[in-house]
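This report concerns only the one structure given below.
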Amino acid sequence: MRRSAVTGRYISARGDRTPDESPAPGQVETRDWHPDEQPNDEGERITHFTPDEGDAIQLYIDQIKDLLGLGQWDAFLSLAAAEETTNASVHPVYGRRVVPISVNKDWWSYTPDKQRNTIVHELLHVVHNSQTEVIRTAPTSVWMWRTFERETELMVDHLAGVLDQYMPMPITPAEVAQMRAAKTGPFAGE
């Protein structure tokens, strides 16, 4: 567990997840730890980002979150890396406006365009979270859930592609280092 230099929030350093609520029969759903529910420090810490890298991602999440009208959500970078086969993943906490975002360990090898599209994509999942929760918590069949998931991914991919041209490019670790050194922006009070 580490505290973000930008937000002051705790970021999970473990890949463990805990269920918030039992999903409908046949559905598997997990949630990341929220900073208020800090697990102990047992286990391996994931330290694949420098402070400047982590803060660059967090600042960009905050920027895109606000542009998408999600200012009421607590969206934060989780130090639990996304699975190797995905660019990123979100796991909104059921019943709360809290969402950890996990990104792939290879995040900084992605092009800025891919980073932008990925963050927009993941935050679009948050936009329709209430809709997802209706389906997730209703007594639905496994095939209905899988169909919903597939169609949701197609919709989010499409919308992220449309919105990309209107979204700013990602913040870089070098920009964070400059802000930190100059004590400007979110680092003005340090």
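Its residues counted as N, the stretch 104-184 yields a C-alpha radius of gyration over 2.2 N^0.38 Å of 1.46. Straight-line cross-link reach from K114 at under 19 Å between alpha-carbon atoms covers these lysines, not counting any fewer than eight positions away in the same chain: K65, K105. Close amide H pairs (under 5 Å, H built 1.01 Å from N) link I101 with F76, L77, S78, residues at least 5 positions away or on another chain.
Peptides 154-161, 117-124 ranked from most to least packed by the mean count of surrounding Cβ atoms within 10 Å: 117-124, 154-161.
Summarise the accessible area of the stretch 63-119 (1.4 Å probe, protein heavy atoms) by the percent that is carbon and sulfur.
On the way: 1120 of 2500 Å².
On the stretch 63-119, the fraction of accessible area on carbon and sulfur atoms equals 45 percent.
When both bridge partners sit in the stretch 73-150, DSSP labels roughly 40% of those beta bridges antiparallel.
On full extension, the segment bounded by M144 and R97 gains 14.4 nm, given 0.36 nm per residue less the C-alpha separation. With both labels modelled 7 Å from their Cα along Cα-to-Cβ, the D157 to T184 distance reads 4.0 nm. Neighbours of L163 by Cβ distance under 15 Å: Lys/Arg scored +1, Asp/Glu scored -1, total -2. Using a cut-off of 14 Å between beta-carbons, work out the net charge of the residues near G185 (Lys and Arg +1, Asp and Glu -1, G185 not included). Value of the local net charge: -3.
With all pairs of different alpha carbon atoms counted, what Kirkwood hydrodynamic radius in Å does the stretch 53-149 show? Could the numbers behind the result be given before it?
Numbers: mean 1/r = 0.0707 Å⁻¹.
Hydrodynamic radius (Kirkwood, Cα pairs) of the stretch 53-149 is 14.2 Å.
The values are calculated or read from the model by the stated rules, or taken from the named source; none is laboratory data. Keep in mind that what you see is a predicted model, and the values were worked out from it rather than measured. All Cβ positions, even for glycine, are placed from backbone atoms using ideal geometry, and neighbour counts span all protein chains on display. Remember, those area values only see protein heavy atoms, side chains included, never the ligands or the DNA or RNA. Shrake-Rupley method; radii C 1.70, N 1.55, O 1.52, S 1.80 Å.
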